[in-house]
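A.B. asks: One structure, as structure tokens, below. Some questions next.
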Amino acid sequence: MGGFLSWLRVQWDRTAAVAAGVIGLLVLVLGWVGVSGTPHIAEQLPYFISGGLIGLFFLAMAVALWLSADLRDEWRELRALRTMLAGTDTDQATSTGSAR
Amino acid sequence: MSLSLLPDAVRREPRAAVFGDDAPWRTGELVRVGVVSTAGLIGVAVAWYGASAQADWPDTLPWASLGAAAVTVAMLGLVAWLMAALRRVRSLRREVMPWLEAAVSTPSSSATVRTAPDADFVTVGGMTRFHQPGCPLVTGKPVRPLTIEEARTSALEPCGVCGP
């Protein structure tokens with residue numbers, strides 16, 4: 001349980017992406033229920049705005065959060081690679097200097 | 001660039017739970033995205049409120065248009081968030097790639113292996129890391145053989161490229 005909570009804490013962006021996706025789908029379904037419950041267009045449009053548009057935004061937020069988590073991981077890996085190669089560069093310079 | 005071939009040491013770098021130094025965004029970008037997305041959501045709320053107050057459907061259409069425009073603005077905030085990260089990742093990739101290509105394209109030769117045929121690992125005087133005998137970073141250098149035990153007990157760190 002502790003490991004799962006720790007994973008949730010570290011992977012907060014992916015957790016938030018899943019939560020936003022679930023909320024988005026829920027809001028879309030609620031909007032659909034509202035629209036299908038009335039035959040009057042004037043009563044349907046507020047449901048379209050609140051359920052449809054906000055649900056769409058939450059789904060877009062889920063996608064953005066998931067992609068940003070991937071970008072963040074790639075950035076971290078590249079940064080670690082840069083640090084590692086910089087260390088290797090120092091090694092090579094040191095060994096070249098000592099050989100002279 | 002595929003990162004699946006990176007050494008385990010790089011992929012295993014711990015992932016911090018917070019932003020700050022561990023993410024490709026700056027505080028200003030975070031604030032900008034928050035402001036734009038919040039403004040968009042407020043616009044959607046206003047559109048919903050306005051549309052709810054109308055009795056005839058033609059009167060609700062302008063409010064629906066406002067809602068569509070507002071949600072577009074909110075999504076642009078999300079796109080700006082992704083673009084900022086993508087820009088930073090590309091910049092870092094441009095910085096790292098020449099080093100990586102130089103390290104990988106060093107011609108490998110069997111001279112190093114012949115120098116230390118029975119060695120588990122090798123190092124070079126002055127280096128702070130130990131390597132696999134065939135590592136391109138020690139190719140052509142006067143290597144000193146190391147056993148597993150010597151490598152483990154020494155103060156040397158494992159090379160991040162060949163991953164001994």
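A.B. asks: If a residue must be without any contact (Cβ under 8 Å) to a residue 24 or more places away in the chain and either in contact with a Cys (Cβ under 9 Å, 6 or more places away or on another chain) or outside any helix (DSSP H, G or I) (or both), how many such residues does the stretch A:5-37 contain?
C.D. replies: 1
A.B. asks: I want to confirm something. Restricting to the stretch B:1-44 and keeping residues that are surrounded by 15 or more Cβ atoms within 10 Å (Cβ to Cβ), small (Gly, Ala, Ser) and modelled with pLDDT of 65 or more, which single residue is nearest to residue A:7 (Cα to Cα)?
C.D. replies: Out of the qualifying residues, it is B:23.
A.B. asks: Please work out if residue B:83 is at pLDDT 90 or above and under 30 Å from residue A:82 (Cα atoms).
C.D. replies: Yes; evaluated as a whole, the condition is true for this residue.
A.B. asks: Quick one: is residue B:114 at pLDDT below 80 and surrounded by fewer than 19 Cβ atoms within 10 Å (Cβ to Cβ)?
C.D. replies: Yes: the conditions hold for residue B:114.
A.B. asks: Something else: Those residues that are in contact with a helix residue (DSSP H, G or I) (Cβ under 6 Å, 6 or more places away or on another chain) and of a type in the set (S, T, N, Q), I need them from the stretch A:1-18; list them, please.
C.D. replies: Residue satisfying the conditions is A:15 alone.
A.B. asks: Any residue in the stretch A:51-68 that is more than 7 Å from chain B (Cβ to nearest Cβ) sitting within a Cβ distance under 9 Å of a residue that is surrounded by fewer than 23 Cβ atoms within 10 Å (Cβ to Cβ) and charged (D, E, K, R)? List the pairs, counting only those 6 or more apart or interchain.
C.D. replies: Sorted first by the residue in the stretch A:51-68, then by its partner, the pairs are A:65/A:13; A:65/A:14; A:66/A:13; A:66/A:14.
A.B. asks: Then there's this: Looking only at the stretch B:45-100, which residues are in contact (Cβ under 8 Å) with a residue 24 or more places away in the chain, open to solvent by 70 Å² or more (accessible area, probe 1.4 Å) and either facing chain A (nearest Cβ under 9 Å) or under 21 Å from residue B:24 (Cα atoms) (or both)?
C.D. replies: Of everything in the stretch B:45-100, just one residue is in contact (Cβ under 8 Å) with a residue 24 or more places away in the chain, open to solvent by 70 Å² or more (accessible area, probe 1.4 Å) and either facing chain A (nearest Cβ under 9 Å) or under 21 Å from residue B:24 (Cα atoms) (or both), namely B:76.
The values are calculated or read from the model by the stated rules, or taken from the named source; none is laboratory data. None of the values given here were measured: they were computed from a predicted structure. Using ideal geometry, Cβ is built from the backbone for each residue, glycine included, and neighbour counts are taken over all protein chains shown. When the accessible area is computed, the model is the full protein with side chains, heavy atoms only, and any ligands, DNA or RNA have been set aside. Shrake-Rupley method; radii C 1.70, N 1.55, O 1.52, S 1.80 Å.
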